[in-house]
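To keep things clear, I will list the structure first and then write my remarks on it.
The values are calculated or read from the model by the stated rules, or taken from the named source; none is laboratory data. Keep in mind it's a predicted model, so treat the numbers as computed, not measured. Here Cβ is always computed from backbone atoms with ideal geometry, including for glycine, and neighbour counts include all displayed protein chains. Accessible surface is based on the protein model in full, side chains and every heavy atom, while ligands, DNA and RNA are left aside. Shrake-Rupley method; radii C 1.70, N 1.55, O 1.52, S 1.80 Å.
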Amino acid sequence: MKKLIRVLGVLVVLGIVALLAFIFVPVQRTGPATQLAADFKPAKGQGEYVMRAGDCLACHTTEGGKPFAGGRAIQSPMGAIWTTNITPDKETGIGNWTLDDFRAALYDGVTPNGTHLYPAMPYENYRKMSEEDIVALYDYFMNEVEPVSNKVEETKLAFPFNLRFGLRAWNWLAANYEPGFKPVQGQDEQFNRGKYLVEGAGHCAACHSPRNLFMAQDGIDDTSKAFLTGGEIDGYSAPDLRGNNSASQKWTTEQMAAYLSTARNAHSTATGEMMLVVRDSLQYMTKEDNMAIATYLKTISGGQLLKQAPPIEVTETEKMLTEAKADMPLGPRLYLDNCGGCHFVTGKGAPEIFPELDGNSLVTAKSPKGLISVILHGAELPSTADRPMKLRMQGYDNRLSDEEISALATFLREGWNNQAPAVSAADVKAVRDLPKH
Amino acid sequence: MARTEKKKDVVIVGLGWTGSILGMELAQDGLEIVALERGHDQDTVPNFQYPNMIDELKYGVRLGMMQKPHNSTVTIRRDVNETALPYRSLGSFLPGIGVGGAGTHWNGLNWRPQLSEYRLRSYVEERWGAGIIPEDMQIQDYPVTYDELEPFFDRFEHVAGISGMAGNVKGKIIEGGNPFEAPRSREYPMPAMPTTWDGAKFAEAARAAGCHPFPSPGGIASQAYVNEYGMQMGPCNHCGFCERYGCYNYSKSSPQTAILDALKRKPNFEYRTQADVLRVEMAADGKTATGVTYYDYKTGEEVFQPADLVILAAYQLHNVHLMLLSGIGQPYDPATGEGVTGRNYAYQMNGGYTLFFKDEHFNPFIGTGANGMSIDDFGMDNIDFGREGFIGGAYWRSGQTNGQPIRSMSLPKGSPSWGAGWKQAVGEWYGHSMNIGSHGSHMSYRGNFLDLDPTYKDPLGRPLMRMTFNWNPNDIRMTQFMKSKMEPIAASMNPTSMQEGFKKEGAMYDVRPYQTTHNVGGSVMGADPKTSAVNRYLQAWDKHNIFVLGAGAFPQNTQYNPTGMVGGLAYWAAHAIRTDYLRNPRPLV
């Protein structure tokens, strides 16, 4: 008995020590993935380019605020996570950080005082970044970004998520792989460049991969089956980029690259979060890099370049819309009255300007939230170098009721070759009631 | 109180077609540019969005996109013996307002003048002698040839996004296009739009009469289009809301679809709205401008905007007004024939037939501003002026532009204009009529001109501009000739009834019914500073850092809608400024 108590006591003590160690012993910080030459200097513009590739600006800047001064709320199921000031301001920013500190934030998700960052900061993905890019990025933040004194709101999540040390365990699951990027042997430079950008700085998986039981990305590279097979962000569906009928399969590599550079191509236009990604990040990538990304996606989706467009078949939906009989149901009738002028009875729209609705991933997304949001509030494409027009679709929130939009959205989700579940008026109301961005 | 803004390299007055073109071209040379627009800012969404825009009462009848006469108008008289009165209610012509200018509310018809028109006086004198030119007619040659302008017409057509079918590419005549057009260097950027039934019927009748019908060229997109600036248009859905409306569908060529978003990206370009330019300011020696003074409606103050280069890119009437207010060019005096600013104001001489068919259905709600089929068989190049007794010509077109219920109810003459009888007539005839239009040239005359009104002032204290204008026998003879040629072709289509609308001898200018917003001249371009306000590069003869764009440069009006020529001349002038003037600012001629 005594022995048992003693053993138990030792175990308890060991447990407490382990817990204290878990909480207080500093995290081992990951060093450089490769040793750079002592005189390594990033090329002019490299740091800013890496910043664009990583889209740091988007999260670390408020709408209309000073660049990188932080203070934007990232909504998570656990509450708002406030982004930090990453300008080189010494008091409120990262002005005192060393390169090792900076790398640890990108690789390990820890700040110099050992505090764990919430994985809204995609260090799961940034861990793939090369030492060259880390150094370039550090150099950019220290020397090219204006320091801004801005103390941002502290992130206060509900218990137990406010206990940041818990992330240490999470990191064992999510970010314990060898840092840096290893090109795939047997694939060409273009594929590997695309892979590097997608898996690393581009952190595409943060939205486009599903999350596992522990809210970690279910696969951070293409060796995982679920990698880039579609995820969810704030209730909106981020489409599958690998599966059957994914854009990576259906679009040509050039079309995918055009979409990344200009938010528009022969099939579709970028809306919602993806529009912001093009606006703030992808439009600044070189044509070669966007082609590399497209090539990589095309390859891992197993997609074949279509030699010729599939034959155009007249769908039942098109026939119904063309005949426009007086007893046509509400959904198609609303479509003719409000949408057909641009998207046409074929649902095919027009290249680069009016997106296809037939086979459109936003229309058929698991969550109808994005589709409803576009019908209600419209959409705007960013002005990009190759396509400067801020194309706008108007919203219909003051013209169509919840019932009407549900009928219209249901029609779109079932029309032409689309097959997605119906939308209810309550679904519409829920989106209408959201605060406008 | 006056405030002074930071000096710019270039100030552009007006942000419509020509202001946008000059802004875009000069911005590429890194110049610091400001454009001043007296009206509001506007864009496809939200300003033209569906369905708000397709409101005939608001925009078609109450002219929601046009300038308000209360703020800006002209006085009008028909000859020097009349007292001019303010044009208080827009009728005959409709100047627009706001960013994009008339380029937002036009129909989209886009043409290049025929070869004879660039050197009209020489052409007439060579063929028939100066004797056939009426004594008071002041027609002139353009100081630039078609061959010189061709690349710039081409440039504008490809920026604006014009649909059409070429009839003459580098001298090769193409079946189905216009065989009488001046040779173009390549095809239109987009294939022609399909035509409606009225156009098809007319084309058949015209062909049977030995004419050469072709699809009307226009700035209406027949397919998705991207221009050299990366700007975009989407295919038109034939809703029929073009003229008087902004296009909600990105389908009509306009500064908004062709240029503005690309221009707004330029860090060296800015524009200010509600900035109404009062006058161009001159240096002490009077040889150059120092900038412009404008009234800022937002702050209620006068603002001086210094600039090295002043581009007048407002509507023709406003450009000439500004020249008169600022002392650019000597004001024209019809008594002596001296002076250049305000000289050779000209208009357009239009007419046509309406045909009613009891058993035909035209579905007039399907249409575009530039719809239909045209012929150029009665264009200026094809008419023997000596034999016919007039100088001029016309193109004809049939193609419905809209079926809007308030203004597009053609009824046979004698139908009641109200009440049950009117309703019955509408029931009987709506959708059963079609038109053939004759769109004719208009020459310039000693007695048609623009000057400052001695009596009336606008709310900012500027004297109104005074228009002295009336029809002249030469152009009436031209339009009566068109009637005589059109009547048998119309009759050959066997309508239930038909009625003509051509001006007759003695017709006086009536400002009430809409005729056309093709006001031209007044800042004419020419080779002689005694008879023109600007030289061949649209540069003011007397002040070399002022360039005057727009249809004011036309020495007389062409037989076509002016936008193609206005756009071509804008690129021509921009090219001269970029390649020559900027290196060495001076009079280029």
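With an 8 Å cut-off on Cα pairs and a minimum separation of 6 or more residues, tell me the relative contact order of chain A in percent.
12 percent
If you scale each eigenvalue of the Cα gyration tensor by 5 and take the root, what three semi-axes come out for segment B:249-302, rounded to whole angstrom and sorted largest first?
30, 16, 11
Quote the charge dipole size of segment B:426-467 about the Cα centre in Debye, to the nearest 20; the model charges only the Cβ of Lys and Arg (+1) and of Asp and Glu (-1).
Roughly 240 debye, rounded to the nearest 20.
Kirkwood Rh, Cα Rg: Rg to Rh for the protein assembly as shown?
Using only Cα positions, Rg/Rh for the protein assembly as shown is 1.05.
What does the convex hull of the alpha-carbon atoms of segment A:40-174 project to on average, in nm²?
8.0 nm²
Report the far tail of the P(r) of chain A, meaning the percent of Cα-Cα pairs longer than 27 Å.
Above the 27 Å cut-off, chain A has 58 percent of its Cα pairs.
Find the relative contact order for segment B:1-116 and round it to a whole percent, using C-alpha pairs within less than 8 Å whose residues are 6+ positions apart.
In percent, rounded to a whole number, it is 29.
At a Förster radius of 60 Å, what calculated FRET efficiency corresponds to the Cβ-Cβ distance of A:GLN35 and A:ALA73, to the nearest 0.05?
0.95
To the nearest 20 debye, what charge dipole does chain A have about its Cα centre, counting +1 at the Cβ of each Lys and Arg and -1 at the Cβ of each Asp and Glu?
Approximately 1100 debye in magnitude.
Using a Gaussian network model of chain A with C-alpha springs under 10 Å, which one of A:GLN249, A:GLN46, A:GLN187 is most mobile by mean-square fluctuation?
A:GLN187
Which one of A:SER248, A:ALA226, A:GLY202 is farthest out on the positive end of the charge dipole of segment A:189-300, using unit charges on Cβ (Lys, Arg +1; Asp, Glu -1) and the Cα centre as origin?
It is A:SER248, whose Cα lies furthest towards the positive end.
To the nearest 20 debye, what charge dipole does the protein assembly as shown have about its Cα centre, counting +1 at the Cβ of each Lys and Arg and -1 at the Cβ of each Asp and Glu?
Magnitude of the dipole: close to 1300 debye.
Please name whichever of A:GLN190, B:ALA553, B:THR336 sits farthest to the positive end of the charge dipole of the protein assembly as shown, dipole taken about the Cα centre and charges placed at Cβ: Lys and Arg +1, Asp and Glu -1.
It is A:GLN190.
State the antiparallel share, in %, of DSSP beta bridges confined to the protein assembly as shown, rounding to the nearest 5.
Of the beta bridges lying entirely in the protein assembly as shown, close to 70 percent run antiparallel.
Tell me the angle of helix B:17-27 to the major Cα principal axis of chain B, expressed in degrees between 0 and 90 and rounded to the nearest ten.
The angle comes out near 40 degrees.
So what is the relative contact order for chain B, in percent, with contacts set as C-alpha pairs under 8 Å and at least six apart?
Across chain B, relative contact order equals 22 percent.
In nm, give the distance between the simple-model label positions of B:LYS530 and A:ALA420, each being 7 Å from the Cα along the Cα-to-Cβ direction.
Distance between the two pseudo-spin positions: 7.5 nm.
Buried by at least 30 Å² relative to the chain on its own: which residues of segment A:326-369 qualify, computing accessible area with a 1.4 Å probe on protein heavy atoms?
Checking the loss per residue gives A:GLY341, A:PHE344, A:ILE353, A:PHE354.
Whole-Hz ³J(HN,Hα) for each residue in segment A:278-283, computed from phi via Karplus 6.51 cos²θ - 1.76 cosθ + 1.60 with θ = phi - 60°, x for glycine and proline: what do you get?
5, 4, 9, 10, 5, 5
Could you state how much accessible area is buried at the A-B interface, both sides summed, with a 1.4 Å probe, in Å² to the nearest 100?
Summing both sides, the interface buries roughly 1900 Å².
Per the Kirkwood definition applied to all pairs of different Cα atoms, how many angstroms is the hydrodynamic radius of segment A:189-300?
Computed over Cα pairs of segment A:189-300, the Kirkwood hydrodynamic radius comes out at 13.8 Å.
Put a dot 7 Å past each Cα toward the Cβ at A:ASN398 and A:ALA169; how far apart are the dots in nm?
5.3 nm
Based on DSSP loop calls and a cut-off of at most 16 other Cβ atoms within 10 Å, the longest stretch of chain A free of exposed GluC sites (Glu not before Pro) is what?
That would be A:155-312.
Go ahead and set up a Gaussian network model of chain A, Cα springs under 10 Å, then flag whichever of A:GLN419, A:GLN185, A:GLN255 fluctuates most.
Sorting by GNM fluctuation, first place goes to A:GLN185.
Once amide H atoms are built 1.01 Å from N in the peptide plane, which residues 5 or more positions from A:SER268, or in another chain, come under 5 Å H to H?
A:GLU352, A:GLU356
Could you estimate the translational diffusion coefficient of segment B:285-401 from the Stokes-Einstein equation, with Rh from the Kirkwood formula over C-alpha pairs, at 20 °C and 1.002 mPa s, in whole µm²/s?
In µm²/s, the coefficient rounds to 108.
Which whole-number value in Å³ per residue fits the convex hull of the alpha carbons of segment A:316-432?
Once divided by residue count, the hull of segment A:316-432 is 102 Å³.
If the elastic network links every pair of Cα atoms under 10 Å, which of A:ALA425, A:ALA226, A:ALA201 fluctuates the most in the Gaussian network model of chain A?
Of A:ALA425, A:ALA226, A:ALA201, the Gaussian network model singles out A:ALA425 as fluctuating most.
Out of the total accessible area of the protein assembly as shown (probe 1.4 Å, heavy atoms of protein only), what percent is carbon and sulfur?
55 percent
Near A:LYS348, which lysines are there with a Cα under 16 Å away, not counting those fewer than 8 places off in the same chain?
The reachable lysines, counting only those whose Cα sits under 16 Å from A:LYS348, are A:LYS250, A:LYS319.
Out of A:TRP170, A:GLY70, A:TRP97, whose Cα points farthest toward the positive end of the dipole of segment A:40-174 (charges: +1 Lys, Arg; -1 Asp, Glu; placed on Cβ)?
Positive-end residue among those listed: A:TRP170.
Could you list, in their original order, any pairs among A:LYS195/A:LYS287; B:LYS358/B:LYS413; B:LYS201/B:LYS413; A:LYS390/B:LYS68; A:LYS128/A:LYS151; A:LYS128/A:LYS182 whose Cα atoms are separated by more than 19 Å?
In this structure, B:LYS201/B:LYS413; A:LYS390/B:LYS68; A:LYS128/A:LYS151 lie more than 19 Å apart at Cα.
When only alpha-carbon atoms are used, what values of Rg and Dmax, in angstrom, describe segment B:3-581?
22.7, 72
With everything on Cα atoms, drop me the angle between helix B:197-208 and the longest principal axis of chain B, reported from 0 to 90° to the nearest 10.
On a 0 to 90 degree scale, this one is about 80.
Give me the accessible area per residue for the protein assembly as shown, probe 1.4 Å, as a whole number in Å².
Accessible surface, normalised per residue, equals 42 Å².
Summing Lys, Arg as +1 and Asp, Glu as -1, what charge do residues with Cβ under 10 Å from the Cβ of A:GLY71 carry, A:GLY71 excluded?
Summing Lys and Arg as +1 and Asp and Glu as -1 gives +2.
Give, in whole angstrom and from largest to smallest, the semi-axes √(5λ) of the equivalent ellipsoid of segment B:1-119, with λ running over the eigenvalues of the Cα gyration tensor.
So the three semi-axes of segment B:1-119 are 27, 22, 21 Å.
Does anyone have the angle between helix B:473-491 and the longest principal axis of chain B? Alpha-carbon axes, 0 to 90°, nearest 10?
30 degrees
Using a Förster radius of 60 Å, what is the FRET efficiency between B:ASN494 and A:SER367 based on their Cβ-Cβ separation? Nearest 0.05, please.
0.45
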